[in-house]
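Asker: Sharing a structure here in structure tokens format.
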Amino acid sequence: MSDQNFLTLENLTLAYGDTVAVKDLNLTIGKGELVAFLGPSGCGKTTTMRAIAGLLSPASGHVKLDGVDITRVSANKRNVGLMFQSYALFPHLSVYENVAFGLRLKKTPAAELDKRVRAGITSVGLTDYADRKPAELSGGQQQRVALARSMVMEPKVLLLDEPLSNLDARLRLDMRSELQRVQKETGVTMIFVTHDQGEALSLADRIVVMKRGAIEQIGSPEDIYNRPTSAFVADFVGFENIFELSDGRLKTPKGLVEISGPVPIAAGLAWRPRMVTLGSGPFQGAVRGASFAGNSREYLLDTPLGPIKAEVDAALPSHELGAELAFDLPVAAAAQLRKFG
Amino acid sequence: MMARNLFIPITLGLVIAFLIGPFLIIVAASFSAGETLAFPPQGFSLRWIAKVFTVESFRDSFFMSLFLAIGGTLAALILGIPASYALSRYKLPGAETIRTIVSAPIIVPGIIVGLSLLRYIVVPFQVGITLALFLAHTALILPYAVRVVSASLGNLRSDIEEAAVLLGSSRLGAFFRVVLPNIRGGIMSAFILGFVTSFNQVPVSLFLSGPGVRTLPVDMIAYMEIVFDPSVAALSALLAFMSIGIVFIAERFLGFSRYV
Ligand SMILES: Nc1ncnc2c1ncn2[C@@H]1O[C@H](COP(=O)(O)OP(=O)(O)OP(=O)(O)O)[C@@H](O)[C@H]1O
Ligand SMILES: [Mg+2]
């Protein structure tokens with residue numbers, strides 16, 4: 001084992017009864033990495049996490065952690081932390097006792113236990129709340145307790161299932177930096193699940209995009225954002241003009257359309273609205289919709305290629321509904337998709 | 001307009017009168033100085049209340065009832081807590097059927113429960129009277145235990161058990177460390193409800209009582225067939241106050257009504 005394959009999932013297939021939720025998944029995560037699982041609802045993110053934590057035993061495949069095959073190791077012996085979306089704090093215990101729960105089970109000596117629990121509570125800024133019950137805390141504070149409760153155990157891997165989705169926008173930003181800080185300070189290997197691409201892009205070292213129980217693409221935030229390799233990922237990260245290629249031509253509802261420039265060998269091409277050149281180019285479209293978004297303006301064009309979304313600087317003169325505009329889809333800027341559909 | 005305004009207070013008044021009225025009559029009758037059970041009471045005395053404590057069979061049957069109420073309720077909880085837990089946490093095949101069977105004694109009239117226990121269990125298996133009463137009371141309380149405990153389990157998220165497991169607890173340990181403490185109120189409520197139900201139970205006990213072994217309510221009926229003095233009213237009043245006291249304490253300390 002080296003630090004590069006600290007946690008490995010090998011041919012992991014997970015099922016609930018006869019329903020296969022995750023199929024033949026392979027993934028390697030390095031020590032200290034912060035990885036995001038990104039994907040639409042029901043794609044198997046939670047299921048995969050539960051298998052890593054040991055709450056779900058795989059139908060087939062292996063989970064290896066720190067050089068040991070833990071596939072058959074029960075959840076309470078793995079030392080994998082999991083922060084639940086609902087926090088799952090123990091309602092009958094104070095903040096202090098919630099955080100102390102795991103250490104007490106490990107029969108940690110009293111003095112050390114107290115020191116570690118207090119340090120944990122302090123590190124999430126809840127020193128004054130140690131004696132409160134979970135019900136007497138705000139959502140953000142409960143979340144911090146859950147974080148401290150997992151972190152005092154010094155888990156090998158900390159899993160976070162949509163840790164920020166229950167918080168309001170401001171708290172979400174606070175917690176985001178909190179998570180980043182904890183991760184940097186402790187160097188714990190972290191995997192978090194999110195629906196929110198912004199969250200994944202800003203936090204993660206690496207993003208795993210999932211679709212219907214399989215990994216669609218793995219890459220750095222830059223890779224995922226700029227170089228999606230499939231139509232699915234492209235769509236997920238905001239490429240709104242996506243075309244399949246056939247013999248070097250764009251497949252459109254009205255047939256194949258030639259585009260200028262050397263067309264790469266790919267299954268498809270995709271452009272963000274920002275990448276569309278508006279005002280010049282070989283194509284014509286009529287403005288069907290326009291919306292103002294502060295710094296920019298978005299236009300929806302009716303074109304022979306089908307509907308096209310273009311985004312331009314708001315400082316430029318605006319276009320009326322119905323106006324005929326020339327535009328171009330520059331091939332050089334496009335994301336090249338290896339997989340379509 | 002006027003008629004409508006009066007309708008609700010009048011209805012409410014009647015309902016309260018029907019519920020509380022008999023109780024007030026019994027309390028009043030138990031302070032009577034007369035020789036027979038009568039209302040309005042003749043004069044005022046405490047002699048019938050004092051007499052309750054001197055009737056020996058009342059004392060025996062009181063302890064029998066107390067034993068059945070406490071023992072039966074404990075047994076029902078020991079069976080009912082795991083049953084409720086399994087019903088609420090696992091998608092068992094036929095869970096609905098199990099729930100219906102468990103609830104049957106609430107729906108089926110007590111006379112039928114008593115008769116069938118007698119006919120198909122007590123007589124063919126030669127079960128002793130005390131044991132038969134104990135089993136019957138356990139069976140009668142079980143549905144209440146399952147219902148009340150299920151209600152409080154329903155309010156408890158199941159992911160806290162997984163959280164406990166991930167912090168190093170075994171599954172069973174998680175049940176004792178995080179499930180039980182959080183349904184304590186429900187368990188206490190089930191205990192009180194079971195206790196009161198068992199203590200006031202007549203039809204089933206009637207069938208299963210035998211020579212020398214009777215529950216208090218059955219004993220009171222037997223007493224009344226022979227002696228028609230106000231001591232029965234006095235005893236009823238005392239028991240009613242006991243039940244009220246228990247429920248009051250429970251409500252005060254546990255928020256009993258949340259679970260029932
Ligand atoms: N307990 C269960 N029993 C049966 N099927 C389940 C169960 N839990 C999840 N599934 C199914 O497994 C698939 C993956 O579910 P999972 O919860 O892992 O999705 P997810 O990616 O976490 O979605 P979300 O973003 O909505 O949380 C889904 O199709 C879901 O319907
Ligand atoms: Mg999920």
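The values are calculated or read from the model by the stated rules, or taken from the named source; none is laboratory data. All figures in this text were calculated on a predicted structure; none of them were measured in a lab. Because the Cβ atoms are built from the backbone with ideal geometry, glycine has one as well, and the counts that use them run over all protein chains shown.
Asker: For the stretch A:30-49, give me each residue that is away from ligand 2 (no atom under 11 Å from the Cβ) and either outside the structural domain of A:Phe84 (by TED's automatic domain parsing) or within 15 Å of the chain's Cα centre (by Cα) (or both). Step through it out loud before you land on a result.
Answerer: Restricting attention to the stretch A:30-49, the residues satisfying the condition of being away from ligand 2 (no atom under 11 Å from the Cβ) are A:30-36, A:38.
Residues satisfying the conditions are A:Glu33, A:Leu34, A:Val35, A:Ala36, A:Leu38.
Asker: Being assigned by TED's automatic domain parsing to the domain that holds A:Phe239 and touching a helix residue (DSSP H, G or I) at 6+ places or on another chain (Cβ under 9 Å) is true for just one of A:Ala326, A:Ala293, A:Ala314, A:Ala270. Which residue is that? Talk me through it step by step, then tell me what you get.
Answerer: Values: A:Ala326 fails: touching a helix residue (DSSP H, G or I) at 6+ places or on another chain (Cβ under 9 Å); A:Ala293 fails: touching a helix residue (DSSP H, G or I) at 6+ places or on another chain (Cβ under 9 Å); A:Ala314 fails: touching a helix residue (DSSP H, G or I) at 6+ places or on another chain (Cβ under 9 Å).
Answer to the check: A:Ala270.
Asker: Can you confirm whether A:Ala110 is free of Cβ contacts under 8 Å to residues at least 60 places away in the same chain, within 16 Å of ligand 2 (Cβ to nearest atom) and among the hydrophobic types (A, V, I, L, M, F, W, C)?
Answerer: For A:Ala110, the condition - free of Cβ contacts under 8 Å to residues at least 60 places away in the same chain, within 16 Å of ligand 2 (Cβ to nearest atom) and among the hydrophobic types (A, V, I, L, M, F, W, C) - is not met.
Asker: Here is a further query. Quick one: count up the residues across the stretch A:48-85 that are without any contact (Cβ under 8 Å) to a residue 40 or more places away in the chain, of a type in the set (S, T, N, Q) and either more than 14 Å from chain B (Cβ to nearest Cβ) or closer than 17 Å to B:Ala164 by Cβ (or both).
Answerer: Qualifying residue count, the stretch A:48-85: 3.
Asker: Something else: Look at A:Asp114 and say whether it is more than 16 Å from ligand 1 (Cβ to nearest atom) and acidic (Asp, Glu).
Answerer: Working: more than 16 Å from ligand 1 (Cβ to nearest atom): yes; acidic (Asp, Glu): yes.
When the stated conditions are applied, A:Asp114 passes them.
Asker: Quick check: anything in the stretch A:263-286 away from ligand 2 (no atom under 16 Å from the Cβ), of a type in the set (D, E, K, R) and closer than 27 Å to A:Thr47 by Cβ?
Answerer: Kept after step one, since they are away from ligand 2 (no atom under 16 Å from the Cβ), are these residues of the stretch A:263-286: A:263-286.
Checking which are of a type in the set (D, E, K, R) leaves us with A:272, A:274.
The next check asks that each one be closer than 27 Å to A:Thr47 by Cβ; those that pass are none.
No, there is no match, as no residue in the stretch A:263-286 is away from ligand 2 (no atom under 16 Å from the Cβ), of a type in the set (D, E, K, R) and closer than 27 Å to A:Thr47 by Cβ.
Asker: Still on this structure: Looking at the stretch A:158-169, is at least one residue more than 16 Å from ligand 1 (Cβ to nearest atom) and in a helix (DSSP H, G or I)?
Answerer: Yes - at least one qualifying residue is present in the stretch A:158-169.
Asker: Being part of a loop (DSSP other than H, G, I, E, B) and either surrounded by 13 or more Cβ atoms within 10 Å (Cβ to Cβ) or touching a residue at least 60 places away in the same chain (Cβ under 8 Å) (or both) narrows it down to one residue among B:Ala29, B:Ala38; which is it?
Answerer: Values: B:Ala29 fails: part of a loop (DSSP other than H, G, I, E, B).
None of the others qualify; the one that does is B:Ala38.
Asker: For the stretch B:89-201, give me every one of the helices (runs of 4 or more DSSP H) that falls completely inside it and has 2 or more residues that are modelled with pLDDT of 85 or more, buried (at least 18 other Cβ atoms within 10 Å of the Cβ) and among the aromatic types (Phe, Trp, Tyr).
Answerer: Per the criteria, B:129-154, B:184-199.
Asker: Tell me, which residue of the stretch A:3-30 that is assigned to a loop (DSSP other than H, G, I, E, B) and more than 14 Å from ligand 1 (Cβ to nearest atom) is farthest from the other protein chains (Cβ to nearest Cβ)?
Answerer: Kept after step one, since they are assigned to a loop (DSSP other than H, G, I, E, B), are these residues of the stretch A:3-30: A:6, A:17-18, A:30.
With the extra rule that they be more than 14 Å from ligand 1 (Cβ to nearest atom), the set shrinks to A:6, A:30.
On the way: A:Phe6: 19, A:Gly30: 22 Å.
Ranking the qualifying residues of the stretch A:3-30, first place goes to A:Gly30.
Asker: Could you check the stretch A:133-178 and list, in sequence order, the residues that are charged (D, E, K, R) and away from ligand 2 (no atom under 16 Å from the Cβ)? Before you say what the answer is, go through the steps one by one.
Answerer: Our first condition is that a residue be charged (D, E, K, R); within the stretch A:133-178, this holds for A:133, A:136, A:144, A:149, A:154, A:156, A:161-162, A:168, A:170, A:172, A:174, A:176, A:178.
Within the stretch A:133-178, A:Lys133, A:Glu136, A:Arg144, A:Arg149, A:Glu154, A:Lys156, A:Asp168, A:Arg170, A:Arg172, A:Asp174, A:Arg176, A:Glu178 meet the criteria.
Asker: Among (1) surrounded by 15 or more Cβ atoms within 10 Å (Cβ to Cβ); (2) over 25 Å from the mean Cα position of the chain (by Cα), where does B:Gly71 come up short?
Answerer: Going through the list (1) surrounded by 15 or more Cβ atoms within 10 Å (Cβ to Cβ); (2) over 25 Å from the mean Cα position of the chain (by Cα), B:Gly71 breaks only (2).
Asker: Something else about it: Taking the stretch A:222-242, which residues are touching a residue at least 60 places away in the same chain (Cβ under 8 Å), of a type outside the set (S, T, N, Q) and not in a helix (DSSP H, G or I)?
Answerer: A:Arg227, A:Pro228, A:Phe239, A:Glu240, A:Ile242
Asker: For A:Lys309, only one of the following conditions fails: (1) without any contact (Cβ under 8 Å) to a residue 60 or more places away in the chain; (2) part of a strand (DSSP E or B); (3) not β-branched (Val, Ile, Thr). What is its number?
Answerer: Here A:Lys309 meets the rest and fails (1).
Asker: Six or more apart or on different chains, Cβ atoms under 7 Å: show the pairs whose first residue is in the stretch A:155-183 and more than 14 Å from chain B (Cβ to nearest Cβ) and whose second is away from ligand 1 (no atom under 16 Å from the Cβ) and of a type in the set (Lys, Arg).
Answerer: A:Leu164/A:Arg172; A:Leu164/A:Arg176
Asker: A:Gln217 fails exactly one of the following numbered conditions: (1) more than 14 Å from the chain's Cα centre (by Cα); (2) outside the structural domain of A:Gly306 (by TED's automatic domain parsing); (3) among the polar types (S, T, N, Q). What is the number of that condition?
Answerer: Single failed check for A:Gln217: (1).
Asker: Considering only residues that are hydroxyl-bearing (Ser, Thr, Tyr) and not in a strand (DSSP E or B), which ones fall in the stretch A:170-202? Outline the logic, then answer.
Answerer: To start, the set of residues in the stretch A:170-202 that are hydroxyl-bearing (Ser, Thr, Tyr) comprises A:177, A:186, A:189, A:194, A:202.
Of everything in the stretch A:170-202, those that are hydroxyl-bearing (Ser, Thr, Tyr) and not in a strand (DSSP E or B) turn out to be A:Ser177, A:Thr186, A:Ser202.
Asker: Does B:Phe134 count as under 19 Å from B:Leu74 (Cα atoms) and of a type in the set (Phe, Trp, Tyr)?
Answerer: It is true that B:Phe134 is under 19 Å from B:Leu74 (Cα atoms) and of a type in the set (Phe, Trp, Tyr).
Asker: Let me ask something else. Can you tell me which of A:Leu14, A:Leu38 is among the hydrophobic types (A, V, I, L, M, F, W, C), surrounded by 22 or more Cβ atoms within 10 Å (Cβ to Cβ) and within 23 Å of A:Val188 (Cβ to Cβ)? Reasoning before the result, please.
Answerer: Numbers: A:Leu14 fails: within 23 Å of A:Val188 (Cβ to Cβ).
Of the residues listed, the single one that is among the hydrophobic types (A, V, I, L, M, F, W, C), surrounded by 22 or more Cβ atoms within 10 Å (Cβ to Cβ) and within 23 Å of A:Val188 (Cβ to Cβ) is A:Leu38.
Asker: Here is a list: B:Arg147, B:Arg157, B:Arg171, B:Arg177. Which entry is basic (Lys, Arg) and under 23 Å from the mean Cα position of the chain (by Cα)? Walk me through it before giving the result.
Answerer: Working: B:Arg157 fails: under 23 Å from the mean Cα position of the chain (by Cα); B:Arg171 fails: under 23 Å from the mean Cα position of the chain (by Cα); B:Arg177 fails: under 23 Å from the mean Cα position of the chain (by Cα).
Going through B:Arg147, B:Arg157, B:Arg171, B:Arg177 in turn, the sole match is B:Arg147.
Asker: For the stretch A:94-108, give me each residue that is more than 8 Å from chain B (Cβ to nearest Cβ) and hydrophobic (A, V, I, L, M, F, W, C).
Answerer: Within the stretch A:94-108, the subset more than 8 Å from chain B (Cβ to nearest Cβ) is A:94-100, A:103-104, A:107-108.
A:Val95, A:Val99, A:Ala100, A:Leu103 - these are the residues of the stretch A:94-108 that are more than 8 Å from chain B (Cβ to nearest Cβ) and hydrophobic (A, V, I, L, M, F, W, C).
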